[in-house]
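The values are calculated or read from the model by the stated rules, or taken from the named source; none is laboratory data. Small disclaimer: the values here were computed from a predicted structure and weren't measured. For neighbour counting, all protein chains shown are included, and Cβ atoms are generated from backbone atoms with ideal geometry for every residue, glycine included.
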Amino acid sequence: MITKQLNKSFTASHTLMLAVFVSAMLLGRPARSQADVVLSSRWFHPKDDRDTLSTIKIAKAFNVTRIDWMYCNNKTQLQQLQQLNIPYSLAINPQTPDSAGYTTAKTRILDINGNPLVAPWMKKWKVKNPYWGCVNNPLFKETFYTQTKNIVDLGAYGVFVDDARFNDHAAEWGGCYCDYCMTAFNKYLESKNESLSGASNYREFLKTSGANAGSPLVAQLKKEFRQFQSQSVVNFLTTWKADLSAYAKRPFKFLTNNYNGNWDSPIYKVFDGGIAEIPSNKELTTGKIGGIVKKATAFGKTQVFSYASDNMTANAKFIIQAYLAGSAAIIPWDALVSSNVENNYSQRYYANTDQYLKLFDFISGHPGLFKNTISTKEAAALNLASSSEYITELRRDKTGTYLFICAPDSIRQAGDISSPVTFKNISGAPLSMFDDITPCRIMKSDNGNWNVNTAFAILKIKPR
């Protein structure tokens, strides 16, 4: 598969707009703090002598608290993380190979004609192992258990199951109709006192000329089959989780990617936490992100976010929103931002360290700021209202009071950017309670100028 590597460097089209403010206290690197700073190096870099990327370099630069969702079974590479005391979760997916090193058909999801099934978005990928394993197949169960026990043995703090829906997902694109699924579905129907009108199994029922696609019976059985496959995945994961926990003999976490922050599926509820992949065309406010976090918390789960964008402004805004909502956003490095199935093409984003370093330093150094909201009385005095366009959050910790804002028309610069700036008006609300605001550069273009499109600010304000 062709992968385009992005190392974005933003040039300024305008020079007078102040893009991102932050406290002048950011001059030094903070020590490890309570705030989560999460890296998802999908593969350990460098992969080979030609690879100029470095997982260790990025982990050190951002002082990460953990690494999640990484495919790696190299003990020497993992020892480098252990020496830095960086916990890591290691990934596995439905395409995990069997003992022969391939996704052979005998352990895989099959279509109605007995052919191994490939996910629609993977049909043109040039990969060695394209076929998904079937959770009702005992041979795949043995493979999956063996591979995840190896993850435990590699010192991971948890396992990350990439695409955890397995058969439930495959039911949307033609599977699984293997003998194991057909036998299990027969038993499922028997438990509900339902039958297949004389057919030996569901596969043969659908192939029979009398199985009218528009009949109520076909529609009902299709619904039942989908529910059966979903429950099969839940049963598989629940038993596996219990067995692997017993094997680990230590606290061990089970994580997955819950797209868009979905916790409604019973499959996701098997896991201890999720990484919500958010597409760049989906606008989320702090409140909406907070709603996802609140639902996760209600289920006793942890929730982290990954934003599919290579735009620095959009990433900065989303990162702050995630932290203000009481969660965390993954550092935008080794992140999938777009793909083209027809042309066998995907694009991953590797941000330059300088673009986000001070932002995450600020987050890491001010954990209390993202856990506690300021008093209602003080917030009301500013008369600030949140929307999809504006982040107008007021927070305070022991280091000071900070205002988070995102909107180009609401940011007014007075005087030189290196000196304290007084904002007369923000979003139509006079700053009657506050005097000086101390800015500090956090993101800038190559020529040192501010980009007018990077209209995001963290302002430290000093009460009068």
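Observations
- The range 247-296, residues that are part of a strand (DSSP E or B) and surrounded by fewer than 16 Cβ atoms within 10 Å (Cβ to Cβ): P279
- Condition met for G155 (modelled with pLDDT of 95 or more and either over 20 Å from R226 (Cα atoms) or not β-branched (V, I, T) (or both)): yes
- Selection from the range 211-233 of residues that are touching a Ser or Thr at 6+ places or on another chain (Cβ under 9 Å) and surrounded by fewer than 18 Cβ atoms within 10 Å (Cβ to Cβ): A211, L217
- Among the residues of this structure, K128 does not count as one that is basic (K, R) and either within 24 Å of the chain's Cα centre (by Cα) or surrounded by 15 or more Cβ atoms within 10 Å (Cβ to Cβ) (or both).
- Residue, farthest from the chain's Cα centre (by Cα), within the range 100-123, restricted to residues that are assigned to a helix (DSSP H, G or I) and of a type outside the set (V, I, T): K106
- Hey, K149 assigned to a helix (DSSP H, G or I), over 28 Å from L206 (Cβ atoms), charged (D, E, K, R) and within 28 Å of the chain's Cα centre (by Cα) or not: yes
- A119 being at pLDDT 95 or above, in the same structural domain as T76 (by TED's automatic domain parsing) and crowded, with 20+ Cβ neighbours inside 10 Å: no
- Counted residues, the range 112-146 - those being touching a Gly at 6+ places or on another chain (Cβ under 6 Å) and farther than 30 Å from Q347 by Cβ: 1
- Within the range 243-282, the set of residues being in contact with an Asp or Glu (Cβ under 8 Å, 6 or more places away or on another chain) and within 20 Å of K141 (Cα to Cα) comprises K253, F254, L255, T256, I267.
- Of all residues in the range 60-95, those being of a type in the set (A, V, I, L, M), under 15 Å from the mean Cα position of the chain (by Cα) and over 23 Å from R108 (Cα atoms) number 2.
- Unmet requirement for G198, which otherwise passes all of (1) over 27 Å from V118 (Cα atoms); (2) in contact with a strand residue (DSSP E or B) (Cβ under 8 Å, 6 or more places away or on another chain): (2)
- Test: residue in the range 166-174 that is out of contact with any helix residue (DSSP H, G or I) (no Cβ under 9 Å at 6 or more places or on another chain) and under 18 Å from Q229 (Cβ atoms): yes
- Residue pairs whose Cβ atoms lie under 7 Å apart, sitting 6 or more positions apart in sequence or on different chains, and linking a residue in the range 74-99 that is acidic (D, E) to a partner that is part of a helix (DSSP H, G or I), are D98/T107; D98/T143.
- Test: residue in the range 260-269 that is farther than 24 Å from L336 by Cβ and in contact with a Phe, Trp or Tyr (Cβ under 7 Å, 6 or more places away or on another chain): yes
- Every residue from the range 159-200 that is closer than 24 Å to N262 by Cβ, touching a Leu at 6+ places or on another chain (Cβ under 9 Å) and surrounded by 22 or more Cβ atoms within 10 Å (Cβ to Cβ): V159, F160, V161, A164, F166, A170, G175, C176
- Just one of the listed residues (V127, V152, V135) is among the aliphatic types (A, V, I, L, M) and under 19 Å from L90 (Cα atoms), and it is V152.
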